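Read the structure below first, then the notes.
The values are calculated or read from the model by the stated rules, or taken from the named source; none is laboratory data. These numbers come from a predicted model, not from an experiment. Neighbour counts run over all protein chains shown; Cβ positions are idealised from the backbone, glycine included. Each accessible area value is taken on the protein alone, full model and side chains, heavy atoms only, with ligands, DNA and RNA left out. Shrake-Rupley method; radii C 1.70, N 1.55, O 1.52, S 1.80 Å.
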Amino acid sequence: MVRLSAANVVVTSSFCVGRFSPLRSQEVKFSNVSITSAYESHAFMNALKPLGKLSRVFAILSTSETASPTSDNDSVIDSIKKEIQDNSRRIRDHSSSMDPEAFLDLANQVVKLKMFPYFDIAHCVLCALHVREDLGAGAHAFSRKHPMSCWLSTMLVVFAGGMLCNGLLGEPILAPLKNTGQLVVATVVWYVVFYTPFDIGYKAAKFLPIKLVCAAMKEVYRCKKVYDGVSHAAKLYPNAYIIMILIGTLKGNGAGFTKLFERLIRGVWTPTAMEFMQPSFPTKACIVASIIFVLDKKTDIISAPHALVYFGIVIFFVYFKLSSVLLGIHDPFVPFENLFCALFLGGIWDSLAKLLGRGGNKDEKVDAKKKD
């Protein structure tokens, strides 16, 4: 005999709605069956089908405690138990992978990440690698013969964004160097990449797994710099959207804009190496990120939480950086740029003018032959 009591069953009005967030971390006990649900969704309603059987169970539970259910009632209850168990298992699997609260918590954690020292180290490693690879085959000899020039050019690449932005905003250009901890970290990384015996430091930094980790961490660092640049410019010029975008872009990829001067420190003059003439993908990505941050900060166009916007940009940076390293996808903006130039910057009209001009020349040649 099975004794069923309505006092032993938790029945709430939440069973009748499509979203069951109030039931999170609660236990629903039904005849020794325990269901612990984590942020249930609409799929939970499948556990209560068919409604005819459910209404019959509720009718049984509403009877007195001394009532004994028949064999038919037992079979109905057992079938409902099985359905609830199967559906609750699917709900837990579904909610564990689609929990929006967990995703938002992760985004908040990314926003609150501290950059020093690990992300700074990754940034300095890639900056030192950039300088060494830019020196080419003569990097070893140059670093031994001109250590001061090598150090200055590396420090300029590491702190380029802050120096450029400070100069444009009327603040001390050398202010980024006041952080002794960051300066020491950058110097140690520079020494390891250029001067360790048998180039162990350089080879370790070039090792693909290490390089991938550093590249991903630097993109997180880049997103932080872009957001800091936009926020700082917004405080000084609250309504100057262009200045916010400019400062955010320079803060995120300052090394690209100081390449000419950084090479000049090493005695190389390359006037064509201007980022404005041939912007790289990091510059374009920083422009897009700055625009999104400005829209998020100053307008109501983006209604998503700031943490989700920030996290989305981080994913965008990391994804395309890893795609560049692993798959060779260096600039995904090129197709869109070609289309934009063709439509709005004279591409179609130039092609049409060439076609019409060639047609005119052919007609003139045909007329000249006829006259002859």
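Below is a table of values for the structure above.
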quantity	calculated
Theoretical FRET efficiency, 1/(1+(r/R0)^6), r = Cβ-Cβ of Tyr319 and Trp269, R0 51 Å, to 0.05	0.90
Cα gyration tensor shape for region 188-344, rounded if a/c is under 1.5, else prolate or oblate	prolate
Which listed pairs, of Lys235/Lys259; Lys251/Lys298; Lys297/Lys321; Lys112/Lys284, have C-alpha distances above 22 Å, in listed order	Lys235/Lys259; Lys297/Lys321; Lys112/Lys284
Thr299-Met277 pseudo-label distance in nm [points 7 Å out on the Cα-to-Cβ vector]	3.4
Sulfur and carbon atoms: percent of accessible area, region 105-237 [1.4 Å]	69
Cα gyration tensor category, rounded, prolate or oblate, for region 287-358 with a/c compared to 1.5	oblate
Electrostatic dipole magnitude of region 110-337 [Cβ: Lys, Arg +1; Asp, Glu -1; Cα centre; debye, to 20]	440
Highest average packing first - 297-310, 267-280, Cβ atoms within 10 Å	297-310, 267-280
Label-zone membership for region 207-233, site Glu171, 7 angstrom Cα→C-beta point, backbone N under 16 Å	224-233
Order by protection proxy (mean Cβ within 10 Å, highest first), peptides 158-171, 186-199	158-171, 186-199
Charge context of Phe119, other residues only, Cβ under 11 angstrom, K/R +1, D/E -1	+3
Region 250-362 - percent of accessible surface contributed by carbon and sulfur, probe 1.4 Å	70
Separation between Cα centres of region 108-151 and region 253-295, rounded to whole Å	17
Surrounding net charge for Leu236, when Lys and Arg each add one and Asp and Glu each subtract one, Cβ distance under 15 Å	+2
Per residue accessible area in Å² of region 110-337, where ligands, DNA and RNA are left out and the probe is 1.4 Å	51
Among 227-233, 315-321, 214-220, 344-350, the order from most to least packed when residues are scored by Cβ within 10 Å on average	227-233, 214-220, 315-321, 344-350
Coil-residue trypsin sites (Lys or Arg not before Pro) of region 103-166, DSSP, other Cβ within 10 Å capped at 15	Lys112, Lys114
